[in-house]
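The values are calculated or read from the model by the stated rules, or taken from the named source; none is laboratory data. The model shown is predicted, which means the values in this text are computed figures rather than measured ones. Here Cβ is always computed from backbone atoms with ideal geometry, including for glycine, and neighbour counts include all displayed protein chains. Accessible surface is based on the protein model in full, side chains and every heavy atom, while ligands, DNA and RNA are left aside. Shrake-Rupley method; radii C 1.70, N 1.55, O 1.52, S 1.80 Å.
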Amino acid sequence: MSDWATYQKSVIRYPEIGFTLDTSRMDAPSEWPEEMQEKIERAFRDRASIEAGEIMNPDEGRAVGHYWLRNPDLAPDEEGAWIRDVKAKVEDLAGKILRGEIKAPNDRAFRHILLIGIGGSALGPQLVEKALLPPNPPVDIHFFDNTDPGGMSDTFAELGAGLAETLVIVISKSGGTAETRNGMLEAEAAFAARELAFPKYAVAVTGEGSKLDKYAEENGWIARIPMSDWIGGRTSVMSAVGLLPAALLGLNIDRFLAGAAAMDERTRVDSVEENASMQLALMWHHAGNGAGEKDMVILPYSDRLDLMSKYLQQLVMESLGKEHDLDGNVVNQGIAVYGNKGSTDQHAYVQQLRDGLRNFFATFIEVRTTGKAGAMPVDDLGSTTGDYLQGFLRGTRNALYESGRLSMTISLEELNAFTLGSLIALYERAVSFYASLVNINAYHQPGVEAGKKAAGEFLDLLNRVKNHLAETGSSGVTAETMAQNIGETDVEAVYHCLNHLAASGFCKREDGESVGEDVFAC
Ligand code: PA5
């Protein structure tokens, strides 16, 4: 079949969304084998079960409710009422802040937002801000999405005297995440250092009754907006987590939700040919043999979408990267996701994509209507910068295919709140379908929880080392001696504790011939 014929057969278009998916360069079979058909049918059944509110996250005993957020009519009565109520709270709070009815204590309108959250409690707002920020937004937004004191200091420096007009939104579904708590405590201290009463600047988005919720209530914060346990962190951008910052930035949250609802409607159809999310999931399965053997490279040819790959990295890898399947077998599933943007990446790793390892498939994302800058001819042919962007995308797609590298292309007619909502919904559903195809739970994150526990063990050791050093450290110790003194067998971990204490000024390190001979003294 000619490329043109293949192309025409491989395109799904949703004109009311301004969306096209082209899978012609994926070399997928024209018919899926019977074994696959059964998995597809199961994935369609799971879709219905998810939307009906069945417990589809069995490990945590939870329903999976993110599809309800943009269509509360689908949800059971109680959840539907909750979704509407939370949205009304978000709109009320954002409206009061934007109209200056809730002001900073210096009687000026809030001009800045400091959003403190991590993972699913930060990535969505970051993507939305980058993709959609209008010119002259009512407020600007800054993030603490880590426990890096360097990053926090930089943000405080950017805010400067503006701290007095900064609304702090602390987002944590669990209300107990260490990085977020640390960021909140640092912010509280920074406000206190300027004699600013933190509660008058602070809003919490968190599960009802969580540690953060109680803290915000006891201290009289401006507002507390609830999160629910049937909304996953990485699928929370259409809950208050994403809607509150978006509304404060002056974005149209109704259009954002409507775009997602429109895509959900299209991907609710039990037809492989018509369902773009099922097509994506099948292409991932086909490319990686149902075992994640190929990495997913996300290449939006759009500066505003450069966080899409980071966002999808979390959505896909935290959802699909699982040790066990639903029957308890060890499967070590997942798909590695990376990317940034085109054509920029053509001057970086695209070299390897074209000529190096064949361990990936690419997804190009184009935005057909781009900004006004770009009408001017920039060469003798009269080509514009936008022509070049399109040329680079098409050229790279062809070059990859000619050298046997597979790709898909997603086209958005425009980038706006509606189409961004639809794009996110497309991928959320694709992740759900893929999880069904490979029989895993996409809605829990045991590895994240394990990481949180491991950090706790290190912090415990750090404090034991610190206390011992404070009592006895004046004469100086090596890591091995310190480990013996405190009864710890992991000498390397003790060395890292001592090194960290030296770097933070608690003690001094005298370098020996080898790390084992380094001596630490208070
Ligand atoms: O997707 C997830 O579940 C995680 O990335 C969480 O969003 C992240 O760990 C932050 O959790 P929390 O919102 O409870 O602070």
By residue number, the members of the stretch 313-351 that are of a type in the set (A, V, I, L, M, F, W, C), open to solvent by less than 50 Å² (accessible area, probe 1.4 Å) and within 19 Å of Arg397 (Cβ to Cβ) are Val337, Val350
Could you say whether any residue in the stretch 206-214 is more than 15 Å from the ligand (Cβ to nearest atom) and under 27 Å from Leu132 (Cα atoms)?
no
Tabulated pairs, the stretch 447-475, first touching a residue at least 24 places away in the same chain (Cβ under 8 Å), second of a type in the set (Val, Ile, Thr) and within 14 Å of the ligand (Cβ to nearest atom), C-beta under 8 angstrom, 6+ apart or interchain
Lys452/Thr177
Going residue by residue through the stretch 215-234, is there one that turns out to be in the same structural domain as Tyr349 (by TED's automatic domain parsing), of a type outside the set (Phe, Trp, Tyr), within 16 Å of the ligand (Cβ to nearest atom) and in contact (Cβ under 8 Å) with a residue 24 or more places away in the chain?
no
Restricting to the stretch 117-133, and then to whatever is assigned to a loop (DSSP other than H, G, I, E, B) and open to solvent by 40 Å² or more (accessible area, probe 1.4 Å), can you tell me which residue is farthest from the ligand (Cβ to nearest atom)?
Leu133
Among the residues of the stretch 182-196, are any more than 16 Å from the ligand (Cβ to nearest atom), open to solvent by less than 10 Å² (accessible area, probe 1.4 Å), more than 26 Å from Tyr67 (Cβ to Cβ) and not in a helix (DSSP H, G or I)?
no
Residues (assigned to a helix (DSSP H, G or I), small (Gly, Ala, Ser) and more than 19 Å from Arg255 (Cα to Cα)) located in the stretch 406-432:
Ala430, Ser432
When Asp270 is evaluated against the numbered criteria (1) more than 28 Å from Asp59 (Cβ to Cβ); (2) assigned to a loop (DSSP other than H, G, I, E, B); (3) more than 25 Å from the chain's Cα centre (by Cα), which criterion, by number, is the only one it fails?
(1)
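What are the residues in the stretch 144-155 that are open to solvent by 40 Å² or more (accessible area, probe 1.4 Å) and within 17 Å of Lys173 (Cβ to Cβ), if any?
Asp145
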